[in-house]
Amino acid sequence: MKSEETISHEGIVTKITNDELEIKILAQSACAACHAKSACGMGEQAEKILTVPRPKDKEFTISQKVNVRMAIGQGNKAAVLAYLIPIILLLAVLFICLGLGVNEGLSALLSIVALIPYYIILYLKRDKLKKQFLYIIE
């Protein structure tokens, strides 16, 4: 991956298991001006914990500083799954309910309830989704 095709953040290893690393990433002031901030989601929060597969060819220690990189395309896919699909689903159910003459309060409630199956499906597919997102740890 070329550096211009990736999103990169500095982080600190907080937990190590046989298969995974937990890395705490702190959003830096540069995030505010980053063109990819909407894709990675770091612009909205100051701290984020990532759980990533542990590379077998490298040794890590608690409190070690590392760089975590991800392809911009993968960040965009994550943004679609986390933000775009739910808002489309929410608005579609809302407008369908309103079009059928359901009162506004109940329409709003039904549109929120419609998100529950979507997030249950995402939760059930979490292991498959984890395999689709490749993090490179340096």
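The values are calculated or read from the model by the stated rules, or taken from the named source; none is laboratory data. Remember, predicted model here, so these are calculated numbers, not experimental data. Backbone-built Cβ (ideal geometry, glycine too); neighbour counts: all protein chains shown. These area figures cover heavy atoms from the full protein model, side chains too; ligands, DNA and RNA do not enter into them. Shrake-Rupley method; radii C 1.70, N 1.55, O 1.52, S 1.80 Å.
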**Prompt:** Any idea of Ser8's accessible area? Nearest 10 Å², probe 1.4 Å.
**Reply:** 60
**Item:** Theoretical FRET efficiency, 1/(1+(r/R0)^6), r = Cβ-Cβ of Tyr119 and Phe60, R0 25 Å, to 0.05
**Value:** 0.20
**Prompt:** Cross-link partners among aspartates and glutamates for Lys56, C-alpha distance below 16 Å, same-chain residues fewer than 8 apart left out?
**Reply:** Asp19, Glu20, Glu22, Glu138
**Complete:** Taking R0 as 35 Å and r as the Cβ-Cβ distance between Ala92 and Thr51, the FRET efficiency 1/(1 + (r/R0)^6), rounded to the nearest 0.05, comes to 0.65
**Net lengthening on full extension, Glu10/Leu106 (0.36 nm per residue, minus Cα-Cα)** = 30.1 nm
